[in-house]
Structures are given as C-alpha cells and as structure tokens.
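None of the figures in this text is laboratory data; all of them are computed from the coordinates on show. The model shown is predicted, which means the values in this text are computed figures rather than measured ones. Every residue, glycine among them, receives a Cβ derived from its backbone with ideal geometry; neighbour counts consider all protein chains shown.
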Amino acid sequence: MRKPIIAGNWKMNKTPDEARELVSALVPMVKDADCDVVVCVPAVDFAAVKEAVAGTNVKLGAQNVHFAKSGAYTGELSADMLKACGVEYVVIGHSERRQYFGETDKTVNQRVLAAVEAGLIPLLCVGELKDERENSYTNAIVEYQTLIGLNGLSGDQVKDVVVAYEPVWAIGTGLVATDEQANETIGVIRGAIERKYGKNVSDAVRIQYGGSMNPGNVKGLMSQPEIDGGLIGGASLKAPDFTAVVMYNK
Ligand code: PGA
C-alpha cells in the first residue's frame, strides 16, 4: 500500500515571519494526518519553517534545485545546500519553471539525479498544456516527461521518487481535472513506469495530482485508486484550507 503524500507549494509567497505564522498554525491541526505532509517553501523561509516543524510530522521542501554540486551559477542552490538547511523534498520541473524559466526535460532530469544523489526526494512534475489535451497528446506528453525525468535512476531509486501529475491548464485557474481524468492519466504514468522498471517499482511509486486541488474536491480525487496525494498551490497558503486538504479522510 502506498502512503499518500500531500505537499503544499507556496510558490513566491510568504516572508519568514508569515511562514512561521502559517506553519505554527498548521502543525497542531495536522498532527494526526494519515498522509505524509510537506511544505515546499521559498528558500528564504527554510530557517523559520525548519524551526517551526522540528519534531513534528510536517516536512520541509524546496521548490527547485540546481544540478551542479557547486560553482559559478549565480542565484542557484545546490542539493547539498538544501540538505544542510533541513530540506527533505524538492519540487522539480514545475510547469511554471518550464514555462517562465526555460527549463527543459534535460535539465529537469539533471536536477532529479542531483537531488536523489544528495538524498532529497524529488516531486517530479509532469503535465500537458490545454491544447495538448485537446489534441489527444496528453498520454504521450506525460509518458515522455516522466521517463525522461527519471532517466538514469535505478528501479530502487525510482520507487522513492514522487511524481506529480499537474495538467498545466488546471494550475492556478480554478479548473480542475475530473476525478476520472486525473485517475486515468496517473494510470498512464504508472503504466509507463511499469513498462520500463517493472511492476514492483510502479506499484511503489507515489503519484500525486496537482492543479486547483482544494478542500471541496480533495475527497473525490483521493478516492481514486491511482491518486496517491496532492501538490497544492493556492489552497496551501492558508492553514485551515491546507489542513482540510491534508485531513481529507477525517
Ligand atoms: P494550484 O497550484 O493548486 O494553485 O492550482 C498547484 C501547483 O502549481 O502545484
């Protein structure tokens, strides 16, 4: 059985003081969660959040990582730097990084390899654009993005990676994939992993849904057999809303 994982992606929101306030409110409300709980926060908030989650079931995540160990990469952060700040999870290949910052499947893969090597758990984001879905490319896109993103990892390493299926048209738009659409596409991703790495790997890897997931739609999505959690943007910025998502089964 796969343990569900629900992660907040704060994006470019929250100063350290605001982060401390949000996480301090969140921690007592989610202490009995049955899923893994992660908050992926801006790097300036690492210290405040690390302190606020210490000794709790809430884990610290980052929103990106560079693939080099160190060097002349102005503005970037290495996997070892994230580890040293208490980070355990890292979002990689988010559609906003692909769309606005020119990230490619190649660099996404390099980031995944660097994260795994450093002992971080990647949340590898894949998903189709609106016109790709309308033209029936969804399955090809998510299979390709998943397999190229994981390329170079062993089956055992893939088991520990989290994949986030995020249809780009559903991110921050209020549009949400139907429970069936999300379940079906996540099944396609799992099938691609099975063909390459075998069933014991595809049965183990956790695949989240992301895109306008909120307290109102979480139950339906989480009742689908293929969906192992969520990557939550807007609804992770308020403690009561994120709590309602995390405690979906209570
Ligand atoms: P959203 O963002 O929940 O605000 O749609 C999801 C994401 O980008 O991970």
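Some points to look at:
- Normalising the average separation of contacting C-alpha pairs (under 8 angstrom, six or more residues apart) by the number of residues puts the relative contact order of region 5-246 at 20 percent.
- The phi-based Karplus calculation (6.51 cos²θ - 1.76 cosθ + 1.60; θ = phi - 60°) puts the 3J(HN,Hα) values of region 2-11 at 8, 7, x, 9, 10, 10, x, 10, 6, 6 Hz, whole numbers, x for Gly and Pro.
- Couplings 3J(HN,Hα) for region 43-56, derived from phi with the Karplus relation 6.51 cos²θ - 1.76 cosθ + 1.60 (θ = phi - 60°), are 4, 5, 9, 3, 4, 4, 6, 4, 5, 6, 9, 3, x, 10 Hz, where x marks Gly and Pro.
- Shape category assigned to region 95-250 from the gyration tensor of Cα positions, a/c cut at 1.5: rounded
- Computed [θ] at 222 nm, helices only, for the chain once each DSSP H run of length n ≥ 4 contributes -39500 (n - 2.57): -12000 deg cm²/dmol
- When the listed pairs 69/106; 3/106; 31/199; 11/196 are checked against a 26 Å cut-off, the alpha-carbon distance exceeds it for 3/106; 31/199; 11/196.
- In a simple Cβ point-charge model (Lys, Arg +1; Asp, Glu -1; nothing else charged), region 5-246 has a dipole of about 340 debye relative to its Cα centre.
- Across region 26-32, coupling constants 3J(HN,Hα) worked out from phi with the 6.51/-1.76/1.60 Karplus curve, θ = phi - 60°, read 5, 3, x, 6, 10, 5, 9 Hz, and Gly and Pro carry x.
- Each label was represented as a point 7 Å from its Cα along the Cα-to-Cβ direction; for residue 117 and residue 151 these points are 1.6 nm apart.
- Amide H contacts of residue 206: 163, each under 5 Å away and 5 or more positions distant or on a separate chain (H built 1.01 Å from N in the peptide plane; Pro and chain starts excluded).
- Built amide H within the under 5 Å cut-off of residue 176, gap 5+: none
- Residue 233 long-range amide H proximity, modeled H, under 5 Å: 9, 211, 212, 213
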